[in-house]
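Asker: Once you've had a glance at the structure underneath, I'll fire off some questions.
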Amino acid sequence: MRLFIKSGIFCFTLLVILFFPAEFNFFPWQKEISLTLFSGIVTLVSKNIFGYNLLHCDFSSDSVSMYVLFFVLMLVAAMFAGIVTFTRLKNKKNSLIAFIRAVATVYLALILFRYGFNKIFKWQFYQPEPNTLYTPLGNLDKDILYWSAMGTSYWYSIFAGLIEIIPAVLILFRKTKIAGLLIALAVFSNILAINIGFDISVKLFSAFLIFVTLVLLKPQFWALYDFLIHQKKTSLQTETKFVLFNHERLHRALKPLLVALCLCESLYPYLSTMNFNDDKAPRPFLHGAYVPISGINISFQGPQGGTYLSIKRFFIHRQGYFIAEDFYGIMHNFRMQVDAPRHMLRLTGNKNEKIDFVYNIPQDSLLTLTYTNYNSVMEFQTKMINWKKLPAINDQFHWTVDEYGK
């Protein structure tokens, strides 16, 4: 029974590593493979076992389909565990477990490298968009609130990234592996607590990373307990090494190759774009916040009726959105296309309502928008807001409380 449980745990670990869509740069087909192999059975299991009809089986983060996929992978792992336990593969169990340990170790290092560099280069906790900065605090969802607060600090983002890169390096080397796993366990536990506390939708994945870390630490539990709690002299348990190549030189070359692959996979997005600080990356044309000099009252026309808006402020989002704030503080989002040759902004709403603005090239922070409404031409003058001067993103540092307010 012990062999069955142990084999099942390691098989499950390997299956999730293989089929959880982690969106790797050098292996972009992982999600398509997972959908091809498991979408059908996940849909059937969801309907027939859990009584839930899946509208979309896309294995997105924390979706019902993802939870059911984990359940299916547990069943598959139990099947493989039975094969290992009751066949001749039992004689190969140490080699199989050593192989899965090696794969899991490299996987954890890769994940830590990816998220660590993502923070260092300010890609994960990016600078808040102008519309977020002008949204009242109480109107923000908890996840956006946390993300935005983290995005206001460049130096803390670097620190958070280093705290993930350090254990990534440590766990790749035998002498420092346990120290790296203990740091990684603390990092992943904090991430899971943040995801739960701020309702961020990667709870299942962060819980799995804790699970993998504990699996790798399991052989050393009693030694660590004796050393840390009872303060006894002890030694760590020697693990079975996984040897891929019998040739000594080839085997020694494997680890540098794996480290290089992890670094290449993790650094590729930044090297390909040469964007090593997203706060300083170029923003799209007209990106920013604007306030009308005179009121803006516009009508959007669509197949499901029109939308009338009285705009207090509007924002041009870096991802191609025109966001209008009305006088009740409600934000209205419109997809935006820029027709540069015709100086035109084409806006489309959630109900497919449309409007075209003709703009001028801003001068002296003034932007003029013109549109035709029922054969009459409406022109509005707006002024750019210097949103980068807001206190939330204005880097300040004080050694003493006496410096505040000066």
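Asker: Kindly list the number of the only condition in (1) in contact (Cβ under 8 Å) with a residue 24 or more places away in the chain; (2) closer than 24 Å to Y290 by Cβ; (3) open to solvent by 40 Å² or more (accessible area, probe 1.4 Å) that fails for L137.
Answerer: (1)
Asker: Being without any contact (Cβ under 8 Å) to a residue 60 or more places away in the chain and open to solvent by 40 Å² or more (accessible area, probe 1.4 Å): is that true of A160 here?
Answerer: Numbers: without any contact (Cβ under 8 Å) to a residue 60 or more places away in the chain: yes; open to solvent by 40 Å² or more (accessible area, probe 1.4 Å): no.
No: the conditions fail for A160.
Asker: Is there any pair with a first residue in region 5-19 that is farther than 11 Å from V103 by Cβ and a second that is among the polar types (S, T, N, Q) and part of a helix (DSSP H, G or I) whose Cβ atoms are under 7 Å apart and which are 6 or more apart or on different chains, and what are they?
Answerer: Once the first residue is farther than 11 Å from V103 by Cβ and sits in region 5-19, its partners that are among the polar types (S, T, N, Q) and part of a helix (DSSP H, G or I) give S7/T85; F19/S34.
Asker: Another question, if that's okay. Going residue by residue through region 369-376, is there one that turns out to be open to solvent by 90 Å² or more (accessible area, probe 1.4 Å) and either in contact with a Leu (Cβ under 7 Å, 6 or more places away or on another chain) or more than 21 Å from L309 (Cα to Cα) (or both)? Quick ask: steps written out before the conclusion?
Answerer: Keep residues of region 369-376 that are open to solvent by 90 Å² or more (accessible area, probe 1.4 Å), which gives 372, 374-375.
When the remaining residues are screened for being either in contact with a Leu (Cβ under 7 Å, 6 or more places away or on another chain) or more than 21 Å from L309 (Cα to Cα) (or both), the result is none.
For region 369-376, residues open to solvent by 90 Å² or more (accessible area, probe 1.4 Å) and either in contact with a Leu (Cβ under 7 Å, 6 or more places away or on another chain) or more than 21 Å from L309 (Cα to Cα) (or both): absent.
Asker: Filter region 308-349 down to the residues that are assigned to a loop (DSSP other than H, G, I, E, B), touching a residue at least 60 places away in the same chain (Cβ under 8 Å) and of a type outside the set (G, A, S) and list them by number.
Answerer: Within region 308-349, R318 is the sole residue that qualifies.
Asker: A further question on this structure: Restrict the check to region 90-97 and report whether at least one residue is open to solvent by 50 Å² or more (accessible area, probe 1.4 Å), part of a loop (DSSP other than H, G, I, E, B) and under 30 Å from P256 (Cβ atoms). First the steps, then the outcome.
Answerer: Step one: filter region 90-97 for residues open to solvent by 50 Å² or more (accessible area, probe 1.4 Å), giving 90-96.
Restricting the remaining residues to those that are part of a loop (DSSP other than H, G, I, E, B) gives none.
Checked against the condition, which is being open to solvent by 50 Å² or more (accessible area, probe 1.4 Å), part of a loop (DSSP other than H, G, I, E, B) and under 30 Å from P256 (Cβ atoms), region 90-97 yields no hits at all.
Asker: So for region 393-405 (the condition being outside any loop (DSSP other than H, G, I, E, B), among the aliphatic types (A, V, I, L, M), surrounded by 10 or more Cβ atoms within 10 Å (Cβ to Cβ) and modelled with pLDDT under 90), does at least one residue qualify? So that I can check it myself, show each step before the final result.
Answerer: Of the residues in region 393-405, the ones outside any loop (DSSP other than H, G, I, E, B) are 393, 401-403.
The next check asks that each one be among the aliphatic types (A, V, I, L, M); those that pass are 393, 401.
Still in the list and also surrounded by 10 or more Cβ atoms within 10 Å (Cβ to Cβ): 393.
Narrowing further to those that are modelled with pLDDT under 90: 393.
Yes, there is a match, as at least one residue in region 393-405 is outside any loop (DSSP other than H, G, I, E, B), among the aliphatic types (A, V, I, L, M), surrounded by 10 or more Cβ atoms within 10 Å (Cβ to Cβ) and modelled with pLDDT under 90.
Asker: Another one. So which residues in region 65-89 are open to solvent by 60 Å² or more (accessible area, probe 1.4 Å) and closer than 23 Å to I17 by Cβ, if there are any at all?
Answerer: Within region 65-89, the subset open to solvent by 60 Å² or more (accessible area, probe 1.4 Å) is 67, 71, 74-75, 79-80, 83, 86-89.
Within region 65-89, Y67, F71, M74, L75, M79, F80, I83, L89 meet the criteria.
Asker: Of the conditions (1) closer than 24 Å to T213 by Cβ; (2) loosely packed, with under 14 Cβ neighbours inside 10 Å, G51 fails just one. Which one is it?
Answerer: (1)
Asker: Tell me which residues, restricted to region 16-38, are of a type in the set (S, T, N, Q), open to solvent by 30 Å² or more (accessible area, probe 1.4 Å) and closer than 27 Å to L192 by Cα. First the steps, then the outcome.
Answerer: Step one: of region 16-38, the residues of a type in the set (S, T, N, Q) are 25, 30, 34, 36.
Applying the additional criterion that residues be open to solvent by 30 Å² or more (accessible area, probe 1.4 Å) yields 25, 36.
Matches in region 16-38: N25 only.
Asker: Still on this structure: With respect to T105, determine if the residue is surrounded by 18 or more Cβ atoms within 10 Å (Cβ to Cβ) and over 17 Å from L217 (Cβ atoms).
Answerer: Working: surrounded by 18 or more Cβ atoms within 10 Å (Cβ to Cβ): yes; over 17 Å from L217 (Cβ atoms): no.
No; evaluated as a whole, the condition is false for this residue.
Asker: For the subset of region 267-289 comprising residues that are in a helix (DSSP H, G or I) and of a type outside the set (S, T, N, Q), which member is farthest from L110 (Cα to Cα)?
Answerer: Filtering region 267-289 down to residues in a helix (DSSP H, G or I) leaves 267-273, 278-280.
Still in the running and of a type outside the set (S, T, N, Q): 267-271, 278-280.
Details: L267: 11, Y268: 13, P269: 14, Y270: 16, L271: 17, D278: 22, D279: 25, K280: 26 Å.
Only one residue fits best here, namely K280.
The values are calculated or read from the model by the stated rules, or taken from the named source; none is laboratory data. Being a predicted model, the structure only gives us computed values, none of them experimental. In this analysis, Cβ positions are derived from the backbone assuming ideal geometry, glycine residues included, and neighbour counts consider all displayed protein chains. Note: accessible area is taken over every heavy atom of the protein model, side chains too, but ligands, DNA and RNA are not part of it. Shrake-Rupley method; radii C 1.70, N 1.55, O 1.52, S 1.80 Å.
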